[in-house]
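The values are calculated or read from the model by the stated rules, or taken from the named source; none is laboratory data. Bear in mind that the values here come from a model prediction, so they are computed numbers and not experimental data. Cβ sites come from the backbone with ideal geometry, for glycine too, and all protein chains shown count toward neighbours.
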Amino acid sequence: MKKILLGISIIVLAISCEKKGEEISKINYPESKKLDSSYTRHDVTIQEPYVWLEDDRSPETEAWVIAQNKVTQDYLAQIPYKAGFLNRLKELNNYPKYGAPSQIGDKYIFTKNDGLQNQSVYYIQDGLDGEPSEFFNPNKLSDDGTVSAGISGVSGDDKYVSVNISKSGSDWQEIKLIDVATGEMLPDVVEWVKFSGVSFFKDGFFYSRYDAPKEGTEYSGKNEFHKLYYHKIGTQQAEDKLVLVYNDKPQRNLYAGITEDEKYLIINVHEGTGGNMLLVKDLEANPKVDDLSNMVTIVNNFEGENNIVGSMGNKLLMMTSIGNPQNKIVEVTVNGSNLDMRDLILPKKEGTIRSVSKSGGFLFVNHLIDVNSVIEKYDYDGKLLEKIDLPGIGSAGGFSGKDDATTLFYSFSSFNYPPTIFKYDVASSSSEVFRKPDLDFNPDDYEVKQQKYPSKDGTMIPMFIVHKKGIELDGTNPTFLYAYGGFNISLTPSFNPSLVAMLEQGGVYAMANLRGGGEFGEAWHQAGMKMNKQNVFDDFISAAEYLISNKYTSSEKLAISGRSNGGLLIGACMTQRPDLYKVAFPAVGVLDMLKFHQFTIGWAWKDDYGDPEEEEMFNYLKGYSPLHNLKEGVSYPATMVTTADHDDRVVPAHSFKFAARLQEVHSGGDPVLIRIETKAGHGSGKSLTKKLEEEADMFSFMFYNMGEEPVFNTK
């Protein structure tokens, strides 16, 4: 009987593929005008036929976007089970989702999403047993859920909270204030804020912003001259005091913080995405907010990552990578301009320190060991007191609160463990489940493995693999391989209900922890940056080869995906090894490596990618830049490039030019499309509706081009 069914499935698959091939052959891509345009750098001439697509607000580009979206949506509409995927994704995501409570005075504020709300809602209650009521609802800021907002700061007296509001997914934000007691929004409005938190001090707050951009350049113009301001509550923004700007260093970004006791102003100064200078001002000695005459420099270079965790009198606790690439915690004693540092907590030999929370009178250190969280509790002298007992292999975070907090909260999740909030009693050092999601998911149905495989140069790379228990490893499983590999960012286990829609169809999900990330400290990061970037692509290609050689999948059943820097990863790997994958999803990717530094905040990425204005780096970047390595006559994987019209971090021009060139040179029969979301940005704040629609399109595109026929048992 099994042989008969297998034979039937092969016939059905053949018919499906034949039908798919007929439909694909009918795709007529929109015309992408080619200009006789070029530029020369380091005596190398670079052709730029699609340079006109860099102007994403021109009528010509807008018409091209409309035409491309029509072709893409017409293609996706042919997939008979697209609606089935969307309905299943809605079912899987339709359960209450809570955020960990934050204590504000004698009240607690937390987020909740009833299930399919576009944005989570803030609720407030008296104590932990009070009746919650709606405090702030971002869904009321728009009709379609495309305005997002989040609490970004709390005043020292617990009277006000700040909210940073973003429209259509843009990095541009405006700051507003809410009275905690009444829930009323104050008239204060601070505009043109970008890459900034809010740090309250006395009767106002510190924040960072750029000057208002010229009309028409809001989403693509270069972001320079970041400025630190102080806003007094109840005044107009025009009256805000300028605290600091580097007029001779336009590419320095400034981030302010205030210690809990409001004794110190901390200013982090960045010249990219790497290390930072650290400045400290004693506000008790000089409370004048725009007078930095008594500013002390804690770190005077950009060679390490430095972050002040908190203060105790004239002592500061700092997490730093200086002197230890896996990070350590040090105590800094400040006596006027004199500084004294001593080590408090060192990383585990086999791991790295990911984060530190100072709360409840203790330090809670999140060690990342073999890409899994290990939480330990220390006293202020660096003495280890206990290891927090976590449910298993996964990711934990939280333990935030004031120094006198008696109750703290933390969350834990993994691929088969939905995010669960735990309540931690500081006095007894005991934990209990506070909120556990109620959803239709049985973790016992799925298997999670962590494997290590050799990259091209022999380096062992870890990878998580998730699938239903009992599936046959016969090389026929549709597989979704995801990675990032850059900017010292760690990919750790987490739960995504949308992945269940693929896994329950017999699919396999794999997540590789490539070099360039932060999983094993700064050395791991540096092994995948600048002139070492090819290591990242080799790591990913080796992950694909491992999955194929171990019969999880085959080249005809393998999809690859990555976002942002991960979009670069996919673009580079599909141009270097187009034969290795069936489907590719380069999302909001950095795809023009010769001009990335010319738009918005792209110049900051030179820390990781190198500077294209330097000849040696230019030639290296040109060697892997996805846009410049698409070749005539090559059959590329079925590709759906994804971007958004309000992405002002990785501007959509990267994806526009890549898609136009891909459609020009691609010789295979598989589709190469671009999906351009409207009223959305780089990803943050995207409405749930748009997220689920995009995921449904991706899974449908993936399964359809693999010749798979999913079956949905929707309720």
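A few notes on this one:
- Selection of the stretch 172-218 for residues being small (Gly, Ala, Ser), assigned to a loop (DSSP other than H, G, I, E, B) and surrounded by 15 or more Cβ atoms within 10 Å (Cβ to Cβ) yields SER196, GLY197.
- Breaking point among (1) under 25 Å from the mean Cα position of the chain (by Cα); (2) free of Cβ contacts under 8 Å to residues at least 40 places away in the same chain; (3) buried (at least 18 other Cβ atoms within 10 Å of the Cβ), for TYR108: (1)
- For GLU556, the conditions (1) closer than 25 Å to SER490 by Cα; (2) outside any loop (DSSP other than H, G, I, E, B) are fulfilled apart from (1).
- For the stretch 232-256, the set of residues classified as surrounded by fewer than 16 Cβ atoms within 10 Å (Cβ to Cβ) and within 26 Å of the chain's Cα centre (by Cα) consists of PRO250 only.
- Here ALA100 passes the criteria (1) buried (at least 17 other Cβ atoms within 10 Å of the Cβ); (2) farther than 30 Å from ASP404 by Cβ; (3) under 24 Å from the mean Cα position of the chain (by Cα) except the one numbered (2).
- The stretch 661-671, residues that are surrounded by fewer than 23 Cβ atoms within 10 Å (Cβ to Cβ) and hydrophobic (A, V, I, L, M, F, W, C): VAL665
- Count of the stretch 49-60 residues which are surrounded by fewer than 19 Cβ atoms within 10 Å (Cβ to Cβ) and not small (Gly, Ala, Ser): 6
- Qualifying positions in the stretch 498-524 - among the β-branched types (Val, Ile, Thr) and under 14 Å from ARG88 (Cβ atoms): VAL500
- Set side by side, the residues SER373, SER355, SER337, SER400 differ, and just one is buried (at least 21 other Cβ atoms within 10 Å of the Cβ) and among the polar types (S, T, N, Q), which is SER373.
- ASP114 fulfils the conditions (1) surrounded by fewer than 19 Cβ atoms within 10 Å (Cβ to Cβ); (2) closer than 30 Å to ASP404 by Cβ; (3) in contact (Cβ under 8 Å) with a residue 12 or more places away in the chain; (4) not hydrophobic (A, V, I, L, M, F, W, C) except for a single criterion, (2).
- Selection from the stretch 400-422 of residues that are free of Cβ contacts under 8 Å to residues at least 60 places away in the same chain and farther than 24 Å from ASP444 by Cα: ASP404, THR406, LEU408
- When the test is whether a residue is in contact with a strand residue (DSSP E or B) (Cβ under 8 Å, 6 or more places away or on another chain), surrounded by fewer than 21 Cβ atoms within 10 Å (Cβ to Cβ) and in contact (Cβ under 8 Å) with a residue 12 or more places away in the chain, PHE585 does not pass it.
- Options VAL508, VAL500; residue that is within 26 Å of ASP440 (Cβ to Cβ), of a type in the set (A, V, I, L, M) and buried (at least 24 other Cβ atoms within 10 Å of the Cβ): VAL500
- Test for LYS452: is it on the phi > 0 side of the Ramachandran plot and either buried (at least 21 other Cβ atoms within 10 Å of the Cβ) or not hydrophobic (A, V, I, L, M, F, W, C) (or both): no
- Of all the numbered requirements in (1) surrounded by fewer than 21 Cβ atoms within 10 Å (Cβ to Cβ); (2) at pLDDT below 95; (3) closer than 20 Å to GLY485 by Cβ, ILE601 misses one, and that requirement is (1).
- Positions within the stretch 61-74 being surrounded by fewer than 20 Cβ atoms within 10 Å (Cβ to Cβ) and over 28 Å from the mean Cα position of the chain (by Cα), in sequence order: ALA63, ALA67, LYS70, VAL71, ASP74
- Strands (runs of 3 or more DSSP E) contained in the stretch 417-502 and holding at least 3 residues out of contact with any Phe, Trp or Tyr (no Cβ under 8 Å at 6 or more places or on another chain): 446-454
- Exclusive hit being touching a Gly at 6+ places or on another chain (Cβ under 9 Å), buried (at least 20 other Cβ atoms within 10 Å of the Cβ), small (Gly, Ala, Ser) and in contact (Cβ under 8 Å) with a residue 12 or more places away in the chain, set GLY274, GLY304: GLY274
- Of the candidates LEU580, LEU514, LEU558, LEU547, the single residue that is surrounded by fewer than 24 Cβ atoms within 10 Å (Cβ to Cβ) and touching a strand residue (DSSP E or B) at 6+ places or on another chain (Cβ under 9 Å) is LEU580.
- Residue match in the stretch 519-533 (condition: basic (Lys, Arg) and part of a helix (DSSP H, G or I)): yes
- Hey, TYR108 farther than 26 Å from ILE266 by Cα, touching a strand residue (DSSP E or B) at 6+ places or on another chain (Cβ under 7 Å) and modelled with pLDDT of 95 or more or not: yes
- Residues satisfying the stated conditions in the stretch 25-78, i.e. over 19 Å from SER625 (Cα atoms) and charged (D, E, K, R): LYS26, GLU31, LYS33, LYS34, ASP36, ASP55, ASP56, ARG57, GLU60, GLU62, LYS70, ASP74
- Of the residues making up the stretch 417-466, those that are touching an Asp or Glu at 6+ places or on another chain (Cβ under 6 Å) and over 30 Å from GLY360 (Cα atoms) are SER455, LYS456, ILE461.
- Within the stretch 650-681, being assigned to a loop (DSSP other than H, G, I, E, B) and either in contact with a strand residue (DSSP E or B) (Cβ under 7 Å, 6 or more places away or on another chain) or acidic (Asp, Glu) (or both) holds for PRO652, HIS666, ASP670, PRO671, ALA680, GLY681.
- When the stretch 135-171 is limited to residues that are free of Cβ contacts under 8 Å to residues at least 24 places away in the same chain and over 14 Å from GLY685 (Cβ atoms), the one that is surrounded by the fewest Cβ atoms within 10 Å (Cβ to Cβ) turns out to be ASP143.
- Residue count for the stretch 393-416 under the criterion of being of a type in the set (Gly, Ala, Ser) and in a strand (DSSP E or B): the result is 7.
- Residues (among the small types (Gly, Ala, Ser), at pLDDT 95 or above and within 20 Å of GLU305 (Cα to Cα)) located in the stretch 519-551: ALA527, GLY528
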